[in-house]
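What follows is one structure encoded as structure tokens, with my remarks underneath.
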Amino acid sequence: MSKEKSKISKKVLAIIGVIAMVLGIFGYFNIGPSDKDRTKTLQNTEQIIKLLEEKGYSATPQLVNELRNKIDDLETELEERSRTTKDKRADEALAAFKEGNYEKARKLFEALQEEGETELAETAYNLGNVYFIELNFPKALDAYMDAVRLAPDNSIYLNEAGKTFYTLARYDKAIEYYEKTLKSDLKTYGEDHPNVATSWNNLGTAWNEKGAYDKAIEYYEKTLKSDLKTYGEDHPNVAASWNNMGTAWTNKGEYDKAIEYHEKALKSYLKNFGEGHPSVATSWSNLGASWSEKGEYGKAIEYHEKALKSDRETYGEDHPNVATRWNNLGVAWSKKGEYGKAIEYYDKALKSDLKTFGEEHPGVARDWSNLGVAWKAKGEYDKAIEYYDKTLKSDLKTFGEEHPGVARSWNNLGVAWCEKGEYDKAIEYYEKALKSVKKAGLHHRVKLVEENLKLIREKKNRGQTN
């Protein structure tokens, strides 16, 4: 290892490991980069993590990977423009971009777009990338849709629109654009190509979020078959496909099948990286979740504690991944009926996330929501409502009314107010939740909320007749 590489912090190396290994919505990593490329990747990742923390977003592997790829693509584009055009703004944009001054680079792209540059679609696409890097997802979507309008058969533009719709939890639109991407890539490359596998994976992820688990599994199986053919069994992409299959089978309630896939992924990650790698910790965490759903809480806690120990050694105490492990332990203890222990872990997660992100962050909202669930289970309904109200306020600010997280908060508030005997208040929240999940097309959640409404109206009617 070179001296330059040895100076990179353990934290950043660990995050790069996660980025390289996670096969999420945003696709695959490049294989076999040069030392120069690795150093550049590490520098970009440090810059991205700093940007995310400043903006109050969680540095998830998928988002960091996506932003890193966009930075690489945009820098290449700007270097090409600097060589081939006499317009000094290309040189200025390149310099601004390399300095991390994305606002200045964005303004230059906006000026080029307004002046009707000949390559309008490419300019709109690059503008969308800058907005995405700035974490302004609605503006990024507008720019990508401009690119699609100007070049409707370009699979790159279609895919970026799909990813941004997914990021905004607009899953039906994400699926629409992923299907367009798939159609284009199949025509260009044929079935046995990594781009096609990525499209299948993205479709699986979107259908999974909609609760259509059979459909998700169908796409994940196509991805897995393609990856096995392309890479062979001992490749991290294949392990990531097994991992996605495991998650979908867990969601479907087929826990033995899920555990089988997660164990395959774990075995592969251990073979490739050894125990101290973040992907191994993620596999342990996934196995913990599956065992917990299966009702084997002792086994679940054992896996979650392994994941926690590993991530603490990798990242230290004050890191979002460690907060997630504490949160997962809280979930397992809550399912076991040990609500006091669950609250202890949720409080640790909350304290860490508040320190990392501040109050206005989805991770903090998750922690408040979990605390609300635990306090409700203990019969402390006012305390639960307090946490649910905090969650709702945060999620409304972050996502707006049409997001599934907001619907979940309304539903939770309905449950808590129902327990207090405040049926009219509960019905009000359930109706808001129902409207939201119907609009989002989340049919599995529609059934849940409709059932809650039916039960509470029956309770209310019984109360009125007594």
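FYI, it's all coordinate maths here, none of it is from the lab. Keep in mind the model is a prediction, meaning the values are calculated, not measured. Positions of Cβ are generated from backbone atoms using ideal geometry, with glycine treated the same way; all protein chains shown enter the neighbour counts.
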Practice problem: Measure out, as a whole number of angstrom, how far apart the alpha-carbon centroids of the stretch 330-363 and the stretch 280-303 sit. | Solution: 17 Å
Quiz item: What list of ³J(HN,Hα) values in whole Hz, one per residue of the stretch 235-249 in order, does the Karplus curve 6.51 cos²θ - 1.76 cosθ + 1.60 (θ = phi - 60°) give from phi, with Gly and Pro shown as x?
Solution: 10, x, 4, 5, 4, 5, 5, 4, 4, 4, 4, x, 5, 5, 5
Quiz item: Can you sort I133, I456 by how many other beta carbons sit within 10 Å, fewest first?
Solution: I456, I133
Quiz item: Under a plain spin-label model, where a point goes 7 Å from the Cα along Cα-to-Cβ, how far apart in nm are L120 and H444?
Solution: 4.2 nm
Quiz item: Rounded if a/c is under 1.5, else prolate if a/b is larger than b/c, else oblate: which is the stretch 281-348, with a ≥ b ≥ c the root eigenvalues of its Cα gyration tensor?
Solution: oblate
Self-check item: Kirkwood-based shape ratio for the stretch 239-282, expressed as Rg/Rh from alpha carbons
Solution: 1.01
Self-check item: Phi to ³J(HN,Hα) by Karplus 6.51 cos²θ - 1.76 cosθ + 1.60 over the stretch 290-295, Hz, x for Gly, Pro
Solution: 5, 5, 5, 5, 6, x
Quiz item: For the residues F357, F165, F399, what sequence is obtained by ranking on other C-beta atoms within 10 Å, fewest first?
Solution: F399, F357, F165
Quiz item: Once phi is turned into ³J(HN,Hα) by the Karplus curve 6.51 cos²θ - 1.76 cosθ + 1.60 with θ = phi - 60°, what whole-Hz value does each residue of the stretch 367-373 show in order, with x for glycine and proline?
Solution: 5, 4, 4, 5, 5, x, 4
Quiz item: Can you work out the base-10 log of I(q)/I(0) for the stretch 232-316 at q = 0.15, 0.21 1/Å, using the Debye formula on its C-alpha atoms alone?
Solution: -0.49, -0.91
Exercise. Could you work out how far the C-alpha centroid of the stretch 143-211 sits from that of the stretch 409-449, in angstrom?
Key: 32 Å
